[in-house]
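None of the figures in this text is laboratory data; all of them are computed from the coordinates on show. Keep in mind it's a predicted model, so treat the numbers as computed, not measured. Methodologically, a virtual Cβ is constructed for each residue, glycine included, from the backbone with ideal geometry; neighbour enumeration extends over all protein chains shown.
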Amino acid sequence: MAYFGLSEISRGSIAVWRRNMDAFMKTYQVNFIPPFVEPVLYLLALGYGVGALIQEVDGISYPVFIAPALVSISVMYSSFFECTYSSYVRMYYQKTFDAMIATPLSIEDVITGEILWGATRSTIYATLMIPVLFLFGVIDMPTSLLLIPFAIPAGLLFAAIGICFTAITPGIDALNYPAFLFITPMFLFSGTFFPISILPQTLQYFAFGFLPLANVVSVNRAITFGEFSPLILYNILWVIGVGALFFLIALKLMKRRLTV
């Protein structure tokens, strides 16, 4: 058997993905509101509100500076919270995981499908945000369309991390801990609203070495501005490599939880 039972993962994970997609589309009117409203609120409050007090950041206007970060934040929130609170509800309260595992689907199929759906949701949100940001004139086309394919590995990373927390949390209320102690600090200190370069060098190394959002923001900003460097290659490899690592960890942790 392959490591962590990877050989058991089959096309069954697509069936899990489709189940979540169908449930999402039943309430699409509500689900499609956040990616349209969030960038408008952030741009008005921070980009043009706080931004009115800021001349430029690295030679560009503040609204343009935070635009790729807004996409990154949306990718993080949509995939992470889908694979924590929503996955926990499906696993514990609705017993959806148990029902699927009672069929020929394996645990690996279910968890892979959950992670794939988390990444899909983040990609949908990123796709819907781009025309809004374009209408505000803070991103350029067609270069910024590359934000969409990068949302896939970024979404997989945050979705896998989310599943890891779901696997070890004793109750749904305990998911508030990673939300406030992990996600919120990343939201503030990952180069989202100010350049990481103004931080002490030690904190810069920490951000790019341990904060997923910092690496995602760095890549999205490079895509939007068309400014690539060796650091961007590192950021991309970091997102893919760490995402794969957490995927394996998520499979192991969930298999342990669901077979107890």
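For the chain, take the longest principal axis of its alpha carbons; what is the angle in degrees between that and the long axis of helix 147-168, to the nearest 10 within 0 to 90? The angle comes out near 50 degrees. The stretch between residue 40 and residue 257 holds 74.1 nm of extra length on full extension. This uses 0.36 nm per residue minus the Cα-Cα distance. Give the relative contact order (percent, whole number) for the chain; include only Cα pairs under 8 Å separated by 6+ residues. RCO, the chain: 26 percent.
Counted residue by residue at 0.36 nm each, then reduced by the alpha carbon distance between them, the extension gain from residue 57 to residue 248 reaches 64.9 nm. Pairs of C-alpha atoms in the range 2-258 farther apart than 31 Å represent 25 percent of all such pairs. Between the helical axis of 201-210 and the longest alpha-carbon principal axis of the chain there is an angle of about 30 degrees.
Partner aspartates and glutamates whose Cα lies under 16 Å from the Cα of residue 252, excluding those fewer than 8 positions away in the same chain, are identified as 8, 108, 109, 114. For the chain, the longest principal axis of the C-alpha atoms and the axis of helix 12-26 are separated by about 60°. One decimal place: the segment residue 227-residue 14 gains 73.1 nm when fully extended, by the rule 0.36 nm per residue minus the C-alpha distance. Each peptide in 168-181, 218-231 gets a packing score, the mean of other Cβ atoms within 10 Å over its residues, and the list from highest to lowest is 218-231, 168-181. The amide H of residue 57, built 1.01 Å from its N in the peptide plane, has 62 as neighbours under 5 Å, considering only residues 5 or more places off or on other chains. Centre-to-centre separation between the Cα atoms of the range 194-260 and those of the range 8-56: 20 Å.
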